[in-house]
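Okay, so here's the structure we're looking at.
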Amino acid sequence: MGRVFLNFGLALLLVSQSVPATFAQSARPPAASLSVVVLDPSGAAIPRAQVSLASVENKTDTLRTSGKGDATFSRLMPGVFRLVVEAKGFARREKDSVEIRAGINRIEVTLDVPLVEEQLAVEQDKREASTDARGNAFSTVLTAEQIAQLPDDPDELENVIREMAGPGAVLRVNGFRGGKLPPKAQIREIRFRMNPYAAENHDAGFVHVDITTKPGINLWNGSINAGFRDESLNARNPAASYRGPEQTRRFAFDLGGPLWKNHTSLFLSADGVNEYDTRTIVAELPTGRVDGLVIRPNRRLNLAARAEHALKKTHTLRSEFQRNVTRRDNLGAGDYDLAERAYSTDAAESLFRVSDSGVFGKSLVNEFRFQSRWQSNSIDSLSNFPTTIVQNAFTSGGAQIESSRKLNEVEFAENVDFSVSQHVLRTGILFEVERVHSDEIRNAHGTFSFGSLAQFNAGQAITFSRRVGDGLVNFSQYQFAWYLQDDLRLKKNLSVSFGLRQEFQSTIGKRGNIGPRLGFAWSPFKDGKTTIRAGGGLFYDWFAGEIYEQTLRVDGFKQRDLIIRNPGYPNPGAGDQSASLPPSRIETASDLQQPTIYQVSFGVERQLPASLMLRANYSYQRGIHLLRGRNINAPFPDGTRPNSALGNVTQIESSANSFNHSLNLNLNWMKPGGTMVGANYVLSRYTSEVDGPTSLPSDNRNLRGERGPAVLDARHRFSLFSSFTFWKDLRLGTSLQLSSATPYNITTGFDDNSDTIINDRPKGVSRNSARGVGRYDVSIRLGYGFGWGKPREAGGSGGPQMRVIRAGEGGDMLGAMGGLGAGANDRYRMEIYTQAFNALNHANPTGFSGVLSSPFYGKAISSLPGRRIETGMRFSF
């Protein structure tokens with residue numbers, strides 16, 4: 001059955017290449033729409049600009065752009081049109097022979113020198129816009145002005161975006177996943193999409209974050225920025241008894257401009273961080289309490305080059321190369337782990353990307369994406385001495401990790417848009433293949449495990465474990481998916497979307513992973529200010545290559561775990577009651593399936609007075625066939641095992657479930673000029689039966705007993721983001737993050753069922769039954785910008801830039817060239833800023849101990865950082 005759908009999808013993709021010619025002869029021309037975005041020379045949106053569109057029959061429609069600089073013409077017939085754009089204070093622009101295809105078309109127009117007066121216009125139908133399945137409904141956009149208030153460091157920027165989007169968010173840059181975010185100065189728009197049922201989406205996450213870089217430009221410009229912070233203005237970590245040394249030195253540079261005006265643009269960027277922070281060590285030794293800090297150096301360098309070339313007016317080719325290098329030292333030390341447990345990591349990543357999008361004929365849009373990624377990671381331990389673990393009291397000895405891993409991954413994606421009558425169709429394929437060369441030696445000198453300090457003082461270890469054998473593994477894995485999406489407008493105020501997606505993975509035997517998707521949007525009132533959306537779909541998750549790698553390595557032959565119960569200490573073979581188990585291994589179940597998620601949602605959006613937008617959405621996710629580990633050779637109550645020739649056999653199987661109810665309330669207020677307030681509240685309940693693919697249950701024969709709160713089950717989450725412009729170019733950005741407590745597990749600290757796995761819970765206690773405390777964080781960014789110098793003549797750029805973007809990419813293309821305020825046209829620009837993370841220095845305890853035998857039971861031994869203050873500058877030219 002799976003092969004039938006595969007053949008059907010491939011055939012459909014091939015047939016779609018000839019659709020334009022076929023339907024030109026046999027079907028009436030499909031409807032089209034055109035969104036025009038009007039920008040000034042700096043890239044900022046121009047509101048209330050007059051946009052006129054004339055057909056060859058001289059029928060003219062005139063619209064006025066919104067506060068976001070966009071205007072949309074609906075119900076057009078495909079053909080060639082003449083476009084005229086005018087705005088008060090800017091030069092008139094005319095463009096003959098604008099080709100409009102079936103479906104959705106979008107164009108950016110840059111106006112130059114001030115000349116003409118504003119004229120009245122007609123507004124578009126709001127109900128049609130609010131129910132556009134590929135438009136802006138149910139999406140939130142951060143403009144350049146709001147992006148300017150976010151952190152400058154790419155890693156901190158990504159963390160803030162993920163916090164704003166919520167758990168499970170998927171980030172894409174120009175359609176690609178992975179890699180580093182581009183410099184903030186090169187980001188044109190950050191769009192939070194809340195329409196998860198498009199068949200092109202692999203992930204079931206409710207929010208998809210699309211980050212778009214600036215398009216080609218006709219003037220060279222760039223920026224240099226730097227930031228600095230150290231412990232002099234930072235607060236003490238709440239879990240430490242004294243303030244430790246800390247320092248961050250950050251720099252970034254970007255440059256972009258035309259290699260061939262109106263045709264080819266080049267963008268270069270580099271950013272790096274040289275820093276060190278401290279991690280608290282809180283442990284209990286037989287000699288007393290340890291309360292210390294370990295310094296953790298971190299060095300990062302990210303390089304990127306991107307080129308864009310206009311093959312023709314409606315066809316753009318983009319290529320990009322990234323090189324990202326990171327070195328981290330003294331990882332592994334902290335909390336219960338003493339300083340001797342430290343290890344270092346070196347990671348390097350190279351990315352090469354090519355994408356091509358454009359219009360073929362009058363009714364077909366094609367998008368092609370190719371990505372090749374090379375990764376290398378190595379881990380080196382400070383010490384390889386045997387490890388001693390006393391449950392949630394202290395861990396000493398070496399980390400015992402020596403690892404080298406190289407990955408080469410290739411991704412190919414092809415998407416095609418076309419129209420048939422009132423149907424706007426999209427189909428595509430995705431192919432990914434990865435090759436891994438990995439060599440890892442872990443726990444080669446063994447680990448002693450004790451249940452309590454009293455056991456350690458008596459020399460009575462529970463187990464001694466050691467992994468032996470060859471750690472070299474080579475393997476390949478591929479993934480393939482095809483999909484078909486149909487967006488149908490039934491009425492002006494009602495649209496329906498339905499699609500089908502099928503996925504395959506080489507490491508999982510089942511092939512018929514078919515995922516149907518369905519959604520609708522309805523605007524019930526004439527004012528178009530209320531939109532109702534609902535939908536449902538079936539999603540599949542991939543089997544991670546890192547997990548598959550462990551099953552190949554620790555297979556009982558290449559590598560195996562040797563375990564001794566009741567060993568002697570420090571000589572494991574000297575125990576009077578010691579008993580050695582046969583070799584242990586990791587394997588996959590023969591009936592392994594891709595994890596499956598059913599998701600449904602219902603939402604309402606209402607535009608309120610004073611530019612307020614309120615959204616409410618309820619969603620339910622049901623996960624089945626989720627991956628978990630299970631010891632299928634666990635001992636019976638009498639101590640015997642199903643297979644006496646083996647020790648523990650960790651089988652990764654598709655037998656876990658999850659349940660997630662979520663209610664999301666979102667309120668946004670945006671005004672031109674960069675003023676924005678966004679508030680988001682999530683009430684959720686997330687229940688699951690597993691914490692990870694290799695985590696083992698407390699009772700291997702009662703898997704239902706593992707049902708409990710998920711690790712990320714914070715019942716309440718609230719975020720508030722604001723951006724204001726005060727006197728001249730004085731700007732204030734604030735971020736507030738609140739969340740209720742997440743759960744943690746309670747265990748006895750001993751091996752009560754004699755399976756040599758120390759994860760036993762007290763009788764009657766369910767998984768993740770305890771909770772810590774909530775989190776509270778306020779961050780503030782204050783910046784002041786000023787400019788000088790005569791601006792360069794935008795008229796010398798060789799005319800306006802126009803770019804058509806594929807259907808479904810979204811409109812709302814707002815100001816992009818830095819968003820630094822009213823003086824953005826100055827030749828040079830300087831911004832000075834100060835930002836404070838956890839500005840109120842609120843203590844956010846983490847690392848709660850759930851081990852009954854631990855001296856820290858029920859207590860938090862670590863904390864998120866206290867207040868950190870960074871100062872910096874950005875110079876633009």
Worksheet item: When you look at GLU163, is it modelled with pLDDT of 70 or more, open to solvent by 40 Å² or more (accessible area, probe 1.4 Å), over 21 Å from ASP487 (Cα atoms) and part of a helix (DSSP H, G or I), yes or no?
Response: yes
Worksheet item: Do we have any residue at all in segment 551-558 that's open to solvent by 40 Å² or more (accessible area, probe 1.4 Å) and either aromatic (Phe, Trp, Tyr) or modelled with pLDDT under 90 (or both)?
Response: yes
Practice prompt. Check whether at least one residue in segment 92-106 is at pLDDT 80 or above, β-branched (Val, Ile, Thr) and closer than 30 Å to MET676 by Cβ, and report yes or no.
Written response: no
Fill in: Complete set of residues in segment 397-425 that are in contact with a Leu (Cβ under 6 Å, 6 or more places away or on another chain) and surrounded by 16 or more Cβ atoms within 10 Å (Cβ to Cβ)
ALA413, PHE418
Worksheet item: From ASN759, ASN664, which residue is open to solvent by 20 Å² or more (accessible area, probe 1.4 Å), on the phi < 0 side of the Ramachandran plot and part of a strand (DSSP E or B)?
Response: ASN664
Item to complete: Could you tell me whether segment 716-735 includes any residue that is free of Cβ contacts under 8 Å to residues at least 12 places away in the same chain and over 23 Å from the mean Cα position of the chain (by Cα)?
Response: yes
Worksheet item: If a residue has to be open to solvent by less than 50 Å² (accessible area, probe 1.4 Å) and over 10 Å from MET676 (Cα atoms) to count, how many in segment 711-725 make the cut?
Response: 3
Worksheet, complete the sentence: Of the conditions (1) open to solvent by 30 Å² or more (accessible area, probe 1.4 Å); (2) in a strand (DSSP E or B); (3) not small (Gly, Ala, Ser), the single one that ASP271 does not satisfy is (1)
Item to complete: Hey, could you check segment 310-338 for residues that are surrounded by 19 or more Cβ atoms within 10 Å (Cβ to Cβ) and either small (Gly, Ala, Ser) or in a helix (DSSP H, G or I) (or both) and say which is farthest from the chain's Cα centre (by Cα)?
Response: ALA310
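Going by what's in this entry, would GLU440 be described as of a type in the set (D, E, K, R), under 29 Å from the mean Cα position of the chain (by Cα) and closer than 30 Å to PRO570 by Cβ? Write out each step before concluding.
Details: of a type in the set (D, E, K, R): yes; under 29 Å from the mean Cα position of the chain (by Cα): yes; closer than 30 Å to PRO570 by Cβ: yes.
Yes, satisfied.
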Worksheet item: Mind checking which pairs have a first residue in segment 403-418 that is within 30 Å of ALA32 (Cα to Cα) and a second that is basic (Lys, Arg) and open to solvent by 20 Å² or more (accessible area, probe 1.4 Å), Cβ under 7 Å, 6 or more apart or different chains?
Response: ALA413/ARG369; ASP417/ARG806
Worksheet item: Restricting the first residue to segment 511-532 and requiring it to be on the phi > 0 side of the Ramachandran plot, which pairs with a second residue that is modelled with pLDDT under 90 and buried (at least 17 other Cβ atoms within 10 Å of the Cβ) meet a Cβ separation below 6 Å and a spacing of at least six or different chains?
Response: GLY528/LYS126; GLY528/ARG127; GLY528/SER130
Practice prompt. Restrict the check to segment 315-332 and report whether at least one residue is touching a Gly at 6+ places or on another chain (Cβ under 8 Å) and at pLDDT below 90.
Written response: yes
Practice prompt. With the checklist (1) open to solvent by 20 Å² or more (accessible area, probe 1.4 Å); (2) more than 30 Å from LYS558 (Cβ to Cβ); (3) touching a strand residue (DSSP E or B) at 6+ places or on another chain (Cβ under 9 Å) in hand, flag the one item ASP439 doesn't pass.
Written response: (2)
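Each row is one residue, and each column tells you yes or no for (1) at pLDDT 70 or above; (2) surrounded by fewer than 21 Cβ atoms within 10 Å (Cβ to Cβ); (3) more than 33 Å from the chain's Cα centre (by Cα); (4) part of a loop (DSSP other than H, G, I, E, B).
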| position | (1), (2), (3), (4) |
| --- | --- |
| LEU6 | no, yes, no, no |
| LEU14 | no, yes, no, no |
| ALA21 | no, yes, yes, no |
| PRO29 | no, yes, yes, yes |
| VAL38 | yes, no, no, no |
| PRO41 | no, no, no, yes |
| VAL56 | no, yes, yes, yes |
| THR62 | yes, yes, yes, no |
| LEU83 | yes, no, yes, no |
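To keep it simple, each residue is scored yes or no on (1) modelled with pLDDT under 95; (2) within 30 Å of HIS423 (Cα to Cα); (3) touching a Gly at 6+ places or on another chain (Cβ under 7 Å); (4) crowded, with 18+ Cβ neighbours inside 10 Å.
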{"residue": "THR748", "(1), (2), (3), (4)": "no, no, no, yes"}
{"residue": "VAL773", "(1), (2), (3), (4)": "no, no, no, no"}
{"residue": "ARG781", "(1), (2), (3), (4)": "yes, no, yes, yes"}
{"residue": "PRO800", "(1), (2), (3), (4)": "yes, no, no, yes"}
{"residue": "ILE805", "(1), (2), (3), (4)": "yes, yes, no, yes"}
{"residue": "GLY823", "(1), (2), (3), (4)": "yes, no, yes, no"}
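Examine segment 677-692 for a residue that is small (Gly, Ala, Ser), within 30 Å of PHE726 (Cβ to Cβ) and either surrounded by fewer than 17 Cβ atoms within 10 Å (Cβ to Cβ) or more than 23 Å from the chain's Cα centre (by Cα) (or both), and state whether such a residue exists. Can you show your working first?
Of all residues in segment 677-692, those small (Gly, Ala, Ser) come to 678-679, 684, 688, 692.
The next check asks that each one be within 30 Å of PHE726 (Cβ to Cβ); those that pass are 678-679.
Going one step further and asking which of them are either surrounded by fewer than 17 Cβ atoms within 10 Å (Cβ to Cβ) or more than 23 Å from the chain's Cα centre (by Cα) (or both), we end up with 679.
Yes, segment 677-692 contains at least one residue that is small (Gly, Ala, Ser), within 30 Å of PHE726 (Cβ to Cβ) and either surrounded by fewer than 17 Cβ atoms within 10 Å (Cβ to Cβ) or more than 23 Å from the chain's Cα centre (by Cα) (or both).
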Practice prompt. Scan segment 620-645 and report the pairs whose first residue is closer than 21 Å to ASP699 by Cβ and whose second residue is among the hydroxyl-bearing types (Ser, Thr, Tyr) and exposed (fewer than 14 other Cβ atoms within 10 Å of the Cβ), with Cβ atoms within less than 8 Å and a gap of 6+ or a chain change.
Written response: none
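The values are calculated or read from the model by the stated rules, or taken from the named source; none is laboratory data. Every value quoted in this text rests on a predicted model; they were computed, and no experiment measured them. Cβ sites come from the backbone with ideal geometry, for glycine too, and all protein chains shown count toward neighbours. Remember, those area values only see protein heavy atoms, side chains included, never the ligands or the DNA or RNA. Shrake-Rupley method; radii C 1.70, N 1.55, O 1.52, S 1.80 Å.
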